[in-house]
1. For a quick check: with amide H placed at 1.01 Å from N, whose amide H comes under 5 Å from THR55's, ignoring anything fewer than 5 positions away on the same chain?
2. Over 20 Å intervals from 0, what percent of Cα-Cα pairs in the chain sits in each interval?
3. Using modelled amide H (1.01 Å from N, peptide plane; none on Pro or chain starts), what sits under 5 Å from the amide H of LEU261, excluding residues fewer than 5 places away?
4. What angle do you read, to the nearest 10 degrees and between 0 and 90, between the alpha-carbon axis of helix 327-342 and the longest principal axis of the chain?
5. What distance in nm lies between label points placed 7 Å from Cα along the C-beta direction at LYS16 and LYS292?
6. Using the count of nearby Cβ atoms within 10 Å as a rough guide to exposure, how do SER269, SER211 rank from fewest to most?
7. Let a ≥ b ≥ c be the square roots of the eigenvalues of the Cα gyration tensor of the stretch 155-207; is it rounded (a/c under 1.5), or, if not, prolate (a/b larger than b/c) or oblate?
8. Where the eigenvalues come from the Cα gyration tensor of the stretch 4-96, what are the semi-axes √(5λ) of the equivalent ellipsoid, largest first, in whole Å?
Amino acid sequence: MKQLKDYEQQLKTCSKCGLCQSVCPIYKVTGKETIISRGKFNLLLGLLKGDLKFTKNMDNALSLCLNCKACDDFCPSSIKTTEILCAFKNQYRKFCFPFKYDSLFFFKMFFLGLLFNLYRVFNFSFLVNKLNSFIKKFGSLGELLLLFDNISRIKVKRKKTKNDTKKLKVIYFEGCFTKYINPSTKNALLNQLEKHGVEIIQKKFDCCGISALYSGKKELFEKLKEKNSELLNEDCNYIVCDCASCLSTLKEYKKDFSSKLIDIFELISILEKKKFNEKITYHLPCHLRDKKKEIKRLIKNNFINYEEMDDFDVCCGFAGDFSLKFPKISEKISQQKAKNIQKTTADYVLTSCPGCFVGLTKGLIHSNINKNVLNIIEYIDINS
Ligand code: SF4
Ligand code: SF4
């Protein structure tokens, strides 16, 4: 990873045209100039000149980013804001936190996984269903419980279909959210691949490293990248992901296997032409932005009653740690998304990323809108 000073020339190529303003989801809800790339670059140039210092306030201002890459794609000077912010984070971390706490993320995921499993084992969903309207009276706490309940419901069970054709060999990269929190997505993915006679290779992968990458833990990211790359370096037709964020992070590894990386919906669409009749709408995860045209075409082909929501390709506001660090802004973006969903007549909201599943569900619960949100592979498996 390059250092912040390596981007000085690039930062100076910003023409201050302000086009990044029109696409930044955070700017849309806050109206603050320092949020957009142009504003962030002024702070970064101040740091490089020595006029500003690495402080907590500076970190807070530059952390106000969903890493949605909308500005990266839109900037006429081709400046990659998200890459530059990673370099800042890395330097800030070294400057302010020279000690390491690599295992925190894994501990968090393990602990959350344990909570979700206990919730399922003791069938708290039953209780929450009965007390639904009462729970809503508890404001944010009640909404959090309803969100927890939505995530923990297992929608898809494992089927085990026998099909010995084995026409394709596929490595399955299981994302952390699926592994620790929502096994339903994995069940759906395995059911569908097995049904189509795919040989599925499962390995003990580590986290793809997305959280490490965007929080400036460069060394941890490199460690995860090397371990996963070694396991991915095996002869196969495809490497399939159940999560758009994992898929985009594996692409960041920039290894030879990159051309084999594929999203599960794309792979299923290659294996079988489907036609679903129910009214659906689709939210495009930011991390599938590079596949926007292709995914849109496949959605239209497979779903006869697809209705596009306004801004279907704009961030849901979740963005992992961002929603914990800036809950108010995250909520505002999720609520805007919920409004766009409500304007459609769709019965189902489908997406391809577990993080977006959480962001969309959160916005709908808060806005009191009753729509079913599902990972697209879960929907396909339930309706096949
Ligand atoms: S779009 Fe690019 S060139 Fe224009 S102000 Fe934003 S960062 Fe600068
Ligand atoms: S990556 Fe997204 S949230 Fe971050 S500055 Fe660019 S447009 Fe705004």
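Throughout, read-outs are computed from the coordinates displayed, never taken from laboratory work. Note that the structure is a prediction, hence the values are computed from the model and not measured. Positions of Cβ are generated from backbone atoms using ideal geometry, with glycine treated the same way; all protein chains shown enter the neighbour counts.
1. Result for THR55 returns nothing.
2. In whole percents, the pair-distance histogram is 27, 59, 15, 0.
3. ILE239
4. 50 degrees
5. 2.8 nm
6. Working: SER269 19, SER211 22.
Lowest to highest Cβ neighbour count: SER269, SER211.
7. Working: a/c = 3.31, a/b = 1.40, b/c = 2.36.
Oblate shape, in that a/c is at least 1.5 and b/c is the bigger or equal ratio.
8. Numbers: eigenvalues 79, 44, 27 Å².
For the stretch 4-96, the semi-axes come out at 20, 15, 12 Å.
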